[in-house]
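The values are calculated or read from the model by the stated rules, or taken from the named source; none is laboratory data. None of these values were measured; they are calculated from a predicted model. Cβ placement follows ideal geometry from the backbone for every residue including glycine, while neighbour counts extend to all protein chains displayed. Please note that ligands, DNA and RNA were not included when accessible areas were found on the heavy atoms of the full protein model with its side chains. Shrake-Rupley method; radii C 1.70, N 1.55, O 1.52, S 1.80 Å.
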Amino acid sequence: MIPSLKLIKNRSDIGAGTRGSDMGIDAMEIAAINKGNHFFHQVAFTEIQTRNEAVYHGDEDACGRRIGQIVEQCRQLAEVVCETLTGKEFPVIISGDHSSGIGTISGIKAAFPDKTLGVIWIDAHADIHSPYTTPSGNLHGMPLAAVMHQDNLSCRINDVNTHTAAAWELLKTLGAPGVKLHPEHLVYFGVRDTEPAEDKLIEQLGIQNYTVAQVRQLGIQHCIAEALERLAACDMIYVSFDVDSMDCDQISDGTGTPVPEGFASGEIISMTEAIFRTGKVICYEIVEVNPLLDHRGNRMAEVAFDILDAVTRPMLKAYTTGE
Ligand SMILES: NC(=[NH2+])NCCC[C@H](N)C(=O)O
């Protein structure tokens, strides 16, 4: 049976350095309305309470900005993701910034502690820093290190205070104890803007990244088939789509950390559809749409909505028609 889809709106932007990704959800809804598409009206949704007022507080955590509030945000998101999955629904999450990945993965592991998780992370960034290596202090650059328990201390550049260090340990244990994702069960698509500490860790852990050029040269179906082969031992797959994986020059700069030479939206759709065809995907997330930074009207949100619509349409159709 195909589970019914549950939309989780997580309007949190405090893991990013620039404000406004909390408005990405509303920008996508407006894009849908303007296209005459009733997705946001038809799909059941839950909203996660935000802590975005944290931007007004003094922040002592230079190596993990607003980390205390992000622990709470991710804890709450994890609870809702877990409830959704145990209620046999399929969570589709729209988040502000990508620190949400900690909450989502923690929720999946809370729901299925004994199952092996595979993650396909479609992003321009590796998001594998820890407070010890981050150049910015922004938590949206750290979600994968948190769930994989990778502090990467051999590349340490920061002195981390005790509050940040304690909150980081809390982030690692959200939802379920232990490592939630093993490096061999993570596959990147489109990563092209990293720092040396990330490059070293990726190499050391042997994490696979399919670059935009490789995907074009080898073909989408080939790369996805290979990626899925790598995740053959995984019982379930989470697809995390950061819109900055797309080409900011060709599509839009409506995202906090835009990067050129990325994917086209059609490529993202084909890749995601191929991943969904495995039947193993149990959760899908879109992040980092920031309409305040968009120099092309509401284009990033329009494109992000088209992708959401395309990848969820078969699921929606199946459960409304009972196929
Ligand atoms: N999810 C994102 N947009 N991440 C951007 C991270 C950028 C940079 N690596 C940092 O840690 O600050």
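Some notes on this structure:
- Base-10 log of normalised Debye intensity for region 4-321 (one unit scatterer per alpha-carbon) at q = 0.14, 0.16 Å⁻¹: -1.04, -1.44
- In region 4-321, a dipole from Cβ-located charges (positive for Lys and Arg, negative for Asp and Glu) runs towards its positive end, and of Pro91, Leu201, Val191 it is Pro91 whose Cα lies farthest in that direction.
- Per residue accessible area in Å² of region 233-323, where ligands, DNA and RNA are left out and the probe is 1.4 Å: 36 Å²
- Of all the options Ser154, Ser12, Ser21, the one that moves most in a Gaussian network model of the chain with Cα springs shorter than 10 angstrom is Ser154.
- The chain - mean residue ellipticity at 222 nm from DSSP helices (-39,500 (n - 2.57) per run, n ≥ 4, rounded to 500): -12000 deg cm²/dmol
- Within the listed set Thr162, Thr104, Thr50, the Gaussian network model of the chain (springs between alpha-carbon atoms below 10 Å) gives the highest mean-square fluctuation for Thr162.
- For region 4-321, the share of accessible area belonging to carbon and sulfur comes to 51 percent (1.4 Å probe, ligands and nucleic acids excluded).
- Gaussian network model of the chain, springs between alpha carbon atoms under 10 Å - residue of Ile102, Ile48, Ile67 with greatest fluctuation: Ile48
- About the Cα centre, charge dipole magnitude for the chain (Lys/Arg +1, Asp/Glu -1 at Cβ), debye: 740 debye
- For region 229-281, applying the loop criterion from DSSP together with a ceiling of 12 other beta carbons within 10 Å to the trypsin sites (Lys or Arg not before Pro) yields Arg277.
- Between region 163-232 and region 234-312, the Cα center-to-center distance that results, in Å: 17 Å
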